[in-house]
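Trainee: Have a look at this one.
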């Protein structure tokens, strides 16, 4: 189901990241430097039985599953964003276990998927989660999820919104690309803003840094920003993800109140060490005077805000 814009205006697409690799991409060997060593790296992390706290009206409870996967709870709704419990992304090994087992999740009322890349849209995970609830995806992604057991598939374009049981879900622009394979460049991509009871959470998807963060902050009142900080040194050499310093800049331009880092420490999608993104983020946050605004989460541990 595709949502029409309220004013009928044509929405403007953000700049799509080019598929052309950097000119010097071949000077390093991702297979030898990253993929093969990862095969011999033992998975870390623990699967804990979560103790979800009682949530009062007006509160959010956020549980980081790992990578870009989050369980976001209000007092009466449970929302999953980019759920992925896969142990492998084809040949890329998951190096940190999900924070909780999938069967320990509460009943899920809504699923959001930011784009079709395998580390964000895992069909096997979605099939296990689907129980006749709605799912929201960008335009062109619905064909990948319509047969998995969801009640209805909402496809959104940039700046479009859909109201769902007291929640307002909006798709925002981002600087990335949405193809799952080389032949499906038509698939959309973006971030989601979840608004309820005068509060908001922004999951920006897989965006690289771009000037659009300022516009998002001007159009929408962002309180909690879930921002990626890893995979900024990819094998292609393309600028496809934010680095930690750019995440701080995006946070400032969004005029948000709390920064929750994500998209690091789970899969080695770039040359940088798994622990480097968080170290760099905290150093830059101290320099920028926002250290107290950064919430570093531990997989599987719910935090009430």
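Each value in this text was obtained by applying a stated rule to the coordinates, not by laboratory testing. Given the structure is predicted, the values throughout are model-derived calculations rather than measurements. Neighbour counts run over all protein chains shown; Cβ positions are idealised from the backbone, glycine included.
Trainee: When ranked by the protection proxy of mean other Cβ atoms within 10 Å per residue, highest first, what sequence do the peptides 51-58, 136-143 form?
Mentor: Ranking, from highest mean packing down: 136-143, 51-58.
Trainee: Fully extended, how many nm does the chain gain between residue 218 and residue 93 (0.36 nm per residue separation, minus their Cα-Cα distance)?
Mentor: 41.1 nm
Trainee: Ok, one more. Rounded to the nearest 5, what % of DSSP beta bridges with both residues in the chain are antiparallel?
Mentor: Roughly 60 percent of the beta bridges in the chain run antiparallel, per DSSP.
Trainee: Here's another thing I want to ask about it. What does the extension gain come out to for residue 46 and residue 184, with contour length at 0.36 nm per residue minus their alpha carbon separation?
Mentor: Answer, rounded to one decimal: 46.0 nm.
Trainee: Turning to a different aspect of this structure: If each residue of separation counts as 0.36 nm, what is the full-extension length gain between residue 76 and residue 288 once their alpha-carbon separation is subtracted?
Mentor: Result: 72.7 nm gained on full extension.
Trainee: Residue 275 to residue 255: FRET efficiency via 1/(1 + (r/R0)^6), r the Cβ-Cβ distance, R0 22 Å, to the nearest 0.05?
Mentor: 0.15
Trainee: Counting other C-beta atoms within 10 Å, which of 67, 104 has the fewest, and how do the rest follow?
Mentor: Ascending number of Cβ neighbours within 10 Å: 104, 67.
Trainee: Using the number of other C-beta atoms within 10 angstrom as an exposure proxy, rank 38, 161 with the fewest first.
Mentor: If I rank by nearby Cβ atoms, fewest first, I get 38, 161.
Trainee: Per DSSP H run of at least 4 residues, take -39500 (n - 2.57); add these up for the chain, divide by its residues and hand me the 222 nm value, nearest 500 deg cm²/dmol.
Mentor: Result for the chain, helices only: -4000 deg cm²/dmol.
Trainee: Here is a follow-up. To make sure I understand, if each residue's beta carbon is the centre and we count other beta carbons within 10 Å, what order do 174, 204 fall in, fewest to most?
Mentor: 174, 204
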